[in-house]
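Down below is the structure, laid out as structure tokens.
The values are calculated or read from the model by the stated rules, or taken from the named source; none is laboratory data. This one's a predicted model, so the numbers in the text were calculated from it and none came from an experiment. All Cβ positions, glycine included, derive from the backbone under ideal geometry; neighbour counts span all protein chains shown. The area values use the complete protein model at the heavy-atom level, side chains included, leaving out ligands, DNA and RNA. Shrake-Rupley method; radii C 1.70, N 1.55, O 1.52, S 1.80 Å.
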Amino acid sequence: MLLSTLVAQTRVFVAIEKMLGGLGFQTHPNLLITHKRFCPTRFIDGLDSVFNFLELFDAAVEYFNDADQSVYNNIVNPVTIVALHVLQALLGAIRGLAVVLQGKAMDLIAASEEADRILRLLKAWRSDCEDAKFKEVFAAAEELHKKHHGDQPIPDKYRASASHRSQHRSNAQGASVSDTFKLNIWYPALDLIIIELSERFSKSAKVAMQMAKLLPAFCAGPDSAESTLAAAKAFEEYAAFLDMPAVCLAEFERWQAFCCDLPETERNDMTISQAIKRCNPSLWPNVCKLLTIFLTTPVTTCTAERSFSTLRLLKTYTRSTMGERRLNGLALLAVHKDILLDYNRVVEEYSRRYSTTEKFIIQPVDGNEILVIDKQTTDVSVTADRSIVPTTTGTQPTTIYGLWGIIRLPPPTGPQLLTIRSRALVGNLWGHNVWRVDATDVLPFQRQSASLSPQQASDAAAYLAMVQEVLKTPNYYFSYTLDVTHSAQRLADTSPEFRSLALAERADERFVWNHQLLGDLRGFSRFALPIMHGFVSIWSSVYRDRAFDYALISRRSRFRAGVRFYMRGADENGCVANFVETEQLVQAQGQKFSFVVTRGSVPLSWSQYPNLKYKPKPDLAKEAHLQAAVFSAHFNNQVFTHRYGKQIVINLLDTKGAERELCASFSRSCSQPELLGAAEVRYEHFDFHKECSRMRWDRLSLLMDRTEPDHQAMGYFHIAADGSVALQQKSVFRVNCIDCLDRTNVVQGMLARRVLLDQFRSLGWLEDGANGRLSDDVERFLKNVWADNADTLAQQYTGTGALKADFTRTGKRTKYGALMDGYNSMVRYAKNNFTDGFRQDAIDLFLGNYQPEPGAASPFEVAAESASLMKRALPAAALIGLALLVMRILLPAERWTDTVLHCLIFIGLIALSLFGIVRHGDEFVDRPRLALKIDRQKKRQ
């Protein structure tokens, strides 16, 4: 019962620190006691905490009466009060022994004698027929109870309830309240301490303590007769370990004579180990063995830190400021003070072995430069000193294949180092290996503090989950020697000096997805690895017994990056959502070919936020000057800044339905020369769904025919076998639908196939004017590569594979393909409405678009608090209506008319709830919480 009572009061001890802080010394100027938490390895503090709590009792009652009523009720409970007084009496009796046992200089004899005295005292309390000690304890407890219960004694109801507080054993019910507490608290606690003391200071232990009489200070003193008797008992106890026990007493008398001849000062100060050194085993073998046994015999079986008191003091001051290995090393230095050490050598060895606890060290497999990243300051440096690399077995190196960089997450997460743990070879492109990132490690600079609040811990976990969300999105690519961010033509147009720069310094920052993470590595180009997001496929194939290499590279822009419905249109700088540059590369007979097409959202200011509808209506900004500015900025960037040249815009939007207004606005803008300025743009609209309805995919040939003149004038990039530039691509097809995915993929694949035929003609593999027919193998792999490209880009933007992929793969529409499109559409709907807010936040956080304001509240906490009542009430009403409907169907009323009426009412409740959910759908979707702020008061679509 005592144990169950103490468990019930755990909340009281946990809340003591809060109480002390709330009381303050001005309210209670005499309260100068600081509460100490109970610790199993600090028994004295545990004892004192009980005494301190009783001294704080009045203050605790006053505080918790206002602060926490449940704790107050536990404190003033009579069972608690009596249990505390019982503990005070019993623990007070053994405190002196505990102090002796945990002292630095323990007197073993004094400890054993003190244990005997305590046992005699406790046994006297136990055998007292009058129970005088318990009456004294109970009187004090009852007096404290009266003080806080209006001078009322402990109620008689506790005569029964106190005995039933423990449910796992039988408790006796006394004739009075006092008897009940005596039987269920006083006696069990008293018996427990008596048993523990008897076991821990057993008879054999006492006999071992008698061996102290063998020390010169005792056996040669005035109590020599007592020493002889104690030695006889020791010889008898350990006879099995002695040689010729019959002569032990004679041997002891000779040892006594030797001790009497020693100087008194030396004799009195001699320790056990010194006595063993002076005891010649040839002269006194049995005495020497007993002294050795005495030296290794503990005074008690208590688990105290007496022998390691120096370690205990050391841990108190350093356990929270250093690593475990360093702490153990310092502890050994402090405990074993008799060991002579070269401290300079120890410090040097520690620095070499454990340097990685303070730094990240990146050592290339070739070269002498070593990258060092300080975990405390995040400073980055390069050194040629190889001595900083750990050479001992304390730290095992980890193989990495490159650095993403350092991402600085908002507090409390802090900076993280991102490394490439695993890679896969995609293929060899023009003599250079191209790799795909398969696995990434996120390494924290500092361990997460254990003192974080629940909200801070939740924020830290959310930020790390967002980083992982971006990293698990397929696919990321890099090369150690090839600039995969530039097209072949754009790179050929640069100077030799530019091409000699390091990859990170010359990469096209539009397509470097770790651009923000490389900020700390800008001056260390050897370690800065640009990583591209998109798609890469490299193949070797044969056409009519002629080998050629084929590669398809799609580069996703990091500007205005995001997910399907949350990132649409263009920003004020002309950057559009889902902008992807796709390059088809061919190498054959020493010649190289390149063809580039682009895709991107309609370059106007518009949005299409999810609202539970399958196709939310696009919402265009009303400001005409804003639309003109973003439209002009986009095409000027494409034509001049990025040097794509003339833009052949192929718009695949519908002229009816939700896309009608957006399509019309885009068409009007493209027909206004004043908006385009010097940028040359030709606009071609093709209503994909109208023209290809009812599986009439052959009508795509109409689009190919209408763009044939543009194709002939455009050309492609061609490097001759001698390395000279034979032909350049003069313009580019810019293809878009509303998502720039499914319809766009189909058209771009057909455009690329047409160009591949022209390139084969230039190689002499096809006759001029010959029908555009490739071999079956080439047709198959070409369609599959473009279908894989479509699936990958769709997965990155929407979370599912591409629609209409069956036509891209086979050249015809199939029923199975239509079925898969339906499945992917449903998955897209679910992800776009219920998970894309988190994905958008993850991308913004990773790319550095979100920077929290200092002192700002947690964005996750604010979002949770802003959840409307409607968002909680309508789904609950629908579920309640559904539950009632099911119950009424399973348990019909006596009259069928009542059953029908009730079902209609419940169906109406469900219908109204669902109508409200759909009507206010923007309240129920997963919205971004970080960089992308959406006005909820905006007119609902």
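Among 408-420, 886-898, how do they line up by average Cβ neighbours within 10 Å per residue, starting with the highest?
Values: 408-420: 19.1, 886-898: 10.8.
Result, highest mean Cβ count within 10 Å first: 408-420, 886-898.
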TODO: Using the structure shown, list the pairs from K622/K656; K783/K815; K730/K783; K646/K831 with a Cα-Cα distance above 30 Å, or answer none.
DONE: K646/K831
Task: ³J(HN,Hα) computed for each position of region 149-154 - Karplus, 6.51 cos²θ - 1.76 cosθ + 1.60, integer Hz, glycine/proline x - done: 9, x, 6, 9, x, 5
Open item on the list: Quick check: the distance between the Cα centres of region 822-854 and region 559-591, to the nearest angstrom?
Closed with: 18 Å
TODO: State log₁₀ I(q)/I(0) for region 533-832 at q = 0.14, 0.16 Å⁻¹ as given by the Debye formula over alpha-carbon point scatterers of equal weight, solvent excluded.
DONE: -1.08, -1.40
Task: Sulfur and carbon atoms: percent of accessible area, region 533-832 [1.4 Å] - done: 52 percent
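Output the relative contact order of region 214-296, whole-number percent, from Cα pairs under 8 angstrom with separation of 6+ residues. Working shown, then result.
Numbers: 68 pairs, mean separation 32.6, N = 83.
Here the relative contact order equals 39 percent.
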Open item on the list: Compute the distance from the alpha-carbon center of region 61-89 to that of region 407-476, in whole Å.
Closed with: 50 Å
Open item on the list: Under 19 Å between alpha carbons, and skipping anything fewer than 8 positions from K615 in its own chain: which aspartates and glutamates qualify?
Closed with: D654, E659, E661, D687, D739, D742, D821, D836, D922, E923, D926
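In square angstrom, what is the accessible area per residue of region 467-597 with a 1.4 angstrom probe?
Accessible surface, normalised per residue, equals 34 Å².
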- [ ] Could you tell me what percent of the accessible area of region 214-296 is made up of carbon and sulfur, with a 1.4 Å probe and every protein chain present?
- [x] 58 percent
TODO: Enter the accessible area of R510 (Å², nearest 10), with the probe set to 1.4 Å and all protein chains included.
DONE: 10 Å²
Task: For region 457-470, 3J(HN,Hα) per residue [Karplus equation, 6.51 cos²θ - 1.76 cosθ + 1.60, θ = phi - 60°, Hz, x = Gly/Pro] - done: 5, 5, 4, 4, 5, 5, 5, 5, 5, 5, 4, 5, 4, 5
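For the peptides 838-848, 285-295, what is the packing order when you average, over each peptide's residues, the other Cβ atoms within 10 Å and list the highest mean first? Show your work: numbers first, answer last.
On the way: 838-848: 23.2, 285-295: 20.1.
Highest-to-lowest ranking by the protection proxy: 838-848, 285-295.
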Open item on the list: Below 8 Å between Cα atoms, with a sequence gap of 6+, how large is the relative contact order for region 533-832 in percent?
Closed with: 17 percent
Open item on the list: Taking amide H atoms as placed 1.01 Å from N in the peptide plane, list the residues 5 or more away in sequence, or in a different chain, whose amide H sits under 5 Å from that of D438.
Closed with: S422, R423, A424
